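Have a look at the structure below before the remarks.
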Amino acid sequence: MMDIKIELVKTRKEKPDMNNLGFGKYYTDHMFEMDYTEGIGWHDPRIVPYHSLEMDPASMVLHYGQSTFEGLKAYRGKDGEIRLFRPEKNMERLNTSNKRLVIPEIDVEFGVEAIKKLVEVEKDWVPTGEGTSLYIRPFIIATDVHVGVHPSRTYKFMVILTPVGMYYKEGINPVRIYVEDEYCRAVRGGMGFTKTAGNYAASLIAQETAENRGFTQVLWLDGVEKKYIEEVGTMNIMFVIDGEVITPELNGSILPGITRRSAIELLRSKGYKVTERRISIDEVYEAASSGKLNEAFGTGTAAVISPVGELLWEGKTIIINDGKIGPVSHLVYDTITGIQSGKLEDEYGWITKVEAK
Ligand code: PMP
């Protein structure tokens, strides 16, 4: 494995108020960087002081969006240990995104090692408060200086860290979600299954409209028929209908969430019937009107579980579980956060510990 060089800052930044972090407002003292050059491969991995980038205005990422990223968190337990949740899954997904965007892959084990090392250097930035964590953002950009559409031959991989509080002001309380019926986020054959900047750029207009109307997020329908449920802005979605957990199948246009996968695995291990299949918005509304829609919840790294208390689709509102969190949402939330914080035993082997002395 390549050796990671470490250059430490002379003076560390003053830490923000760790009880009032918000999301993505503060960045730590160091970052990880390495470069890719055609014919050489990935090289020069290093942890260096956090710094601005100097880029040529013709850098390809700025024009054609050839970029990929990931999002995961480091959690500090009551026992003082720092834990990562399935970081290898994030590195695997980064490579899935890389393949689609014609970006060279990164060795999964090395990527996890780089993240562990960086978090170790920044261990004092991992907050301790309930619901707080150190958010980890690995990302890759195309750096060739060239105007013209084709894949770059040079790239930069970076990891930055930001201590965060809760993503949604609602916390674990149910959110209101707007079912988007005009725009779509992605279609099959496109890039929906990847974490690439363009997918999020495509979502902004709907997200802004939803927020202006007092909703937390958008629920996307499929781009062709505007009929089948895809996912929420930054979460996958699950419905509990008549006791069965149903979630849209991975069809190429939604992100394969690591929280989604973990929720499926843990619910199945606890005896729940979980089905991954196509599910239409009509079916959800019908289940609601016949009293069979028990719960709906989003799954994602940011909030782990976000219960959906209300949906608005084509002017029709449904209230789910009286706008309260239900038992399945609670079980998934308590189990995953319990494992992340070390309160519960890591029975599924999901944790990678950071060796922070
Ligand atoms: N869908 C989208 C579009 C997302 O951005 C995210 C957050 N990464 C998710 C789903 C949830 O994925 P995960 O559980 O891996 O955070």
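With the checklist (1) modelled with pLDDT under 95; (2) within 10 Å of the ligand (Cβ to nearest atom) in hand, flag the one item Trp220 doesn't pass.
(1)
With respect to the numbered conditions (1) surrounded by 17 or more Cβ atoms within 10 Å (Cβ to Cβ); (2) within 15 Å of the ligand (Cβ to nearest atom), which one is the sole condition not fulfilled by Ile318?
For Ile318, the exception is condition (2).
Tell me the residue from Thr299, Thr259 that is assigned to a helix (DSSP H, G or I) and touching a Gly at 6+ places or on another chain (Cβ under 7 Å), please.
Just one listed residue meets the conditions, Thr259.
Looking at Gly22, Gly41, which one is surrounded by fewer than 21 Cβ atoms within 10 Å (Cβ to Cβ), more than 16 Å from the ligand (Cβ to nearest atom) and within 17 Å of the chain's Cα centre (by Cα)?
Unique residue meeting the criteria: Gly22.
Could you please find all residues in segment 288-300 being surrounded by fewer than 21 Cβ atoms within 10 Å (Cβ to Cβ) and either within 16 Å of the ligand (Cβ to nearest atom) or of a type outside the set (D, E, K, R) (or both)?
Ala288, Ser289, Ser290, Gly291, Asn294
Identify, from the list Gly111, Gly65, Gly71, the residue that is of a type outside the set (Val, Ile, Thr) and on the phi > 0 side of the Ramachandran plot.
Unique residue meeting the criteria: Gly65.
Any residue in segment 163-170 that is farther than 30 Å from Ser280 by Cα and more than 16 Å from the ligand (Cβ to nearest atom)?
yes
Residues that are surrounded by 23 or more Cβ atoms within 10 Å (Cβ to Cβ) and either within 8 Å of the ligand (Cβ to nearest atom) or at pLDDT below 95 (or both): does segment 235-248 have at least one?
yes
Considering segment 249-278 alone, what residues qualify as being away from the ligand (no atom under 16 Å from the Cβ) and in contact (Cβ under 8 Å) with a residue 12 or more places away in the chain?
Ser269, Lys270, Tyr272, Lys273, Thr275, Arg277, Arg278
How about segment 54-85: which of its residues are in a loop (DSSP other than H, G, I, E, B), surrounded by fewer than 21 Cβ atoms within 10 Å (Cβ to Cβ) and in contact (Cβ under 8 Å) with a residue 24 or more places away in the chain?
Of everything in segment 54-85, those that are in a loop (DSSP other than H, G, I, E, B), surrounded by fewer than 21 Cβ atoms within 10 Å (Cβ to Cβ) and in contact (Cβ under 8 Å) with a residue 24 or more places away in the chain turn out to be Met55, Asp56, Ala58, Gly65, Gly71, Gly77, Lys78, Asp79, Glu81.
The values are calculated or read from the model by the stated rules, or taken from the named source; none is laboratory data. Because the structure is a prediction, the values reported are computed rather than measured. Ideal geometry is used to build each Cβ from the backbone, glycine not excepted, and the neighbour counts take in all protein chains shown.
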